[in-house]
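The values are calculated or read from the model by the stated rules, or taken from the named source; none is laboratory data. The model shown is predicted, which means the values in this text are computed figures rather than measured ones. Here the Cβ is made from the backbone with ideal geometry for all residues, glycine too, and neighbour counts use every protein chain on show. SASA here: full protein model, heavy atoms, side chains in, ligands and nucleic acids out. Shrake-Rupley method; radii C 1.70, N 1.55, O 1.52, S 1.80 Å.
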Amino acid sequence: MIQFFNVALSFNDRLILNHLTFQITKGEFVYLIGPSGAGKSTILRLIPFSAFPDSGTVIVNQFSSAKIKRRKIPYVRRGIGFIFQDFKLLPDRNVFDNVAFALRVIGAPAAEISKKVLRVLTEIGLGHKRNAYPLELSGGEQQKVAIARAVVNEPFVLLADEPTGNLDPISATEILKILETINIRGTAVLMATHNYALIKEYPHRTISIENGEMKKNEPLF
Amino acid sequence: MSLYFSLIEGIRGFSKARLASVISISSITLTIFLLGLLVCFNLNINMIIDNIRAKIDLELFINIAATDQEITQLHNQINQEKGVAGTQFVSRDQAAERYKTETGQDIYQILDYNPLPASFIITPQVEYRRSDRIEILKNRLQALPHVDEIIYQRPFLVAIEHYIQLGNIIMFSISAIIVIIAIVLIHNTIRLTIHARRNIIEIMRLVGATERFIRRPFLIEGIIQGLLGSLLASGVLYYLLRAVKIFFYARLQIDYNLYLGLILFGILIGLFSAWLSVRKYLLKIV
């Protein structure tokens, strides 16, 4: 499903990723760990083709970084969900519209949008806050909205870049539980994190990156 | 659905970035207003020039030995020539009269006889009142029998054309400079609004919006700015030209298609500037 073959990438003469090879299979939950600046976020950027390797190949489903055309990239991204440490919600739209945004921009019909958004908000426990604005919500709730937006389009993989980085331990656990549920339903999850307590509590295969190189590729605990 | 979404996003973007919108609209208003003035000025100058050109006639002098019958034949031949709108015969006596009127001297007092030949004053058709085409007409007429000489105010016509050409170049250059300045200004303003909305663009990209889709709200915003700017400019221009016509220059001609053209051009400027800005921004990111 997602394959990295000998991927190397430099930026301003600094080696970010050094001949990285790994794969993530359908429905897998994988942690990506490593110190800040190790290249975790870069790996997450390579998957939706927001960045391209200098050498080696990234393959996402049937699309290869070596061959994909610029105009095809949006269609790859429609199968990928993203969540970030800073949530990246639109502050001038309410919860419903933030989630619906992901469907509107791909031209989904209005009836389908309403049905899907309400369903995912209810599942995530925010159905009652659909009219609230992001700044009226707690950090944990904002991240839940971001998750709802990421999964409303039923992606095959969810990429999470430090999703618990800005959250208190209780909210962080809640978010991870939601990610576990999403994963059980068949969506693969690749989560970059520093939160070793959570990794210990919810163990999965862990890819450890240091100075752009893979150090470990097995469950950490 | 997606077009409706783009329309709503475009209107939302337009109303949110009020300062940027005001700057863009002002630039378009000023540009369209100046262009409108230039076009109107050019239109009226051209009309004055056309009136002057309308007075340019050819004078065909008939060989003094030609008989009345030959002159009648020549008259018919001239009238059949392509490019001739009308002819007026000037007999030798009328030529002498004209000489007296123009110089104040009687030809018979200078000479014992009238040396002035009879002539035809030929009015060319409108499309032949150009230095190149009138010369062709002249050469064709010159080839007819019993024609001695044909004269017309060629230096005057050439000078008019030279000044028209010069005027057009100056006008085109000024217009081009105004339009380029406006596009640069609007382009930069829209770049600022794009920068302010980079988050929404980033989210659109991440959830799989196509570039065309991302571009559309900004293009709609550009169209709205262009439309409002040019409507405002056309309104101001309309009242200004009306005032000029009423108070200063009653012969001022106003072509009402001008306003339609200006509005369309304003929309085009807004659209093009927006397209340029978004394209540049999207090319920088993957």
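Overview of values
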read-out	value
Pairs with Cβ under 7 Å, 6+ apart, first in the stretch A:100-127 and open to solvent by 50 Å² or more (accessible area, probe 1.4 Å), second not small (Gly, Ala, Ser)	A:ARG104/A:ILE113; A:ARG104/B:PHE5; A:PRO109/B:MET1; A:ALA110/B:MET1
Unique match (being more than 16 Å from the chain's Cα centre (by Cα), part of a helix (DSSP H, G or I) and more than 19 Å from A:LEU103 (Cβ to Cβ)) among A:THR181, A:THR173	A:THR173
Whichever residue in the stretch B:139-179 is under 13 Å from the mean Cα position of the chain (by Cα) and surrounded by 15 or more Cβ atoms within 10 Å (Cβ to Cβ) and, among such residues, is farthest from B:ILE49 (Cα to Cα)	B:SER175
Subset of the stretch A:14-30 (residues that are aromatic (Phe, Trp, Tyr) and farther than 13 Å from A:LYS215 by Cα)	A:PHE29
Filter pass, A:PHE156 being open to solvent by 30 Å² or more (accessible area, probe 1.4 Å), within 13 Å of another protein chain (Cβ to nearest Cβ), of a type in the set (Phe, Trp, Tyr) and touching a residue at least 40 places away in the same chain (Cβ under 8 Å)	yes
From A:GLU136, A:GLU218, residue being farther than 30 Å from A:ASN6 by Cα and open to solvent by 40 Å² or more (accessible area, probe 1.4 Å)	A:GLU136
Out of B:ILE8, B:ILE48, sole residue that is open to solvent by 60 Å² or more (accessible area, probe 1.4 Å), assigned to a helix (DSSP H, G or I) and within 14 Å of another protein chain (Cβ to nearest Cβ)	B:ILE8
Failed criterion for B:LEU206 (all others in (1) in contact with a strand residue (DSSP E or B) (Cβ under 6 Å, 6 or more places away or on another chain); (2) of a type outside the set (Phe, Trp, Tyr); (3) surrounded by fewer than 18 Cβ atoms within 10 Å (Cβ to Cβ) hold)	(3)
Residues being farther than 24 Å from A:ARG70 by Cα and open to solvent by 70 Å² or more (accessible area, probe 1.4 Å) - total across the stretch B:180-203	6
First in the stretch A:40-65 and on the phi > 0 side of the Ramachandran plot, second anywhere and small (Gly, Ala, Ser), Cβ under 8 Å, 6 or more apart	A:PHE49/A:SER65; A:GLY56/A:ALA8; A:ASN61/A:GLY79
Helices (runs of 4 or more DSSP H) (entirely within the stretch B:107-220) containing at least 3 residues that are within 14 Å of chain A (Cβ to nearest Cβ)	B:198-206
Hits in the stretch A:39-91 (condition: under 25 Å from A:ASP168 (Cβ atoms) and more than 7 Å from chain B (Cβ to nearest Cβ))	A:LYS40, A:SER41, A:LEU44, A:GLY81, A:ILE83, A:PHE84, A:GLN85, A:ASP86, A:PHE87, A:LEU89, A:PRO91
Qualifying residues in the stretch B:241-275 (those that are open to solvent by 50 Å² or more (accessible area, probe 1.4 Å), in contact (Cβ under 8 Å) with a residue 60 or more places away in the chain and part of a helix (DSSP H, G or I)) - the one nearest to B:ARG216 (Cα to Cα)	B:TRP275
Output for the stretch B:53-78, where each listed residue is surrounded by 13 or more Cβ atoms within 10 Å (Cβ to Cβ) and part of a helix (DSSP H, G or I)	B:ARG53, B:GLU70, B:ILE71, B:GLN73, B:LEU74, B:HIS75, B:GLN77, B:ILE78
Of all residues making up the stretch A:68-96, the number that are surrounded by fewer than 16 Cβ atoms within 10 Å (Cβ to Cβ) and either farther than 26 Å from A:HIS128 by Cα or charged (D, E, K, R) (or both)	7
Residue in the stretch A:24-32 that is of a type in the set (Ser, Thr, Tyr), at pLDDT 90 or above and loosely packed, with under 14 Cβ neighbours inside 10 Å present	yes
Residues of the stretch A:105-134 satisfying the condition of being within 14 Å of another protein chain (Cβ to nearest Cβ) and at pLDDT 90 or above	A:GLU112, A:ILE113, A:SER114, A:LYS116, A:VAL117, A:VAL120, A:PRO134
Hey, A:THR173 in contact with a helix residue (DSSP H, G or I) (Cβ under 9 Å, 6 or more places away or on another chain), more than 26 Å from A:ASP92 (Cβ to Cβ), exposed (fewer than 15 other Cβ atoms within 10 Å of the Cβ) and of a type in the set (Ser, Thr, Tyr) or not	no
Boolean, A:ILE59 is within 25 Å of A:GLY165 (Cβ to Cβ) and open to solvent by less than 50 Å² (accessible area, probe 1.4 Å)	no
Among the candidates A:SER10, A:SER50, A:SER41, residue that is assigned to a loop (DSSP other than H, G, I, E, B) and hydroxyl-bearing (Ser, Thr, Tyr)	A:SER50
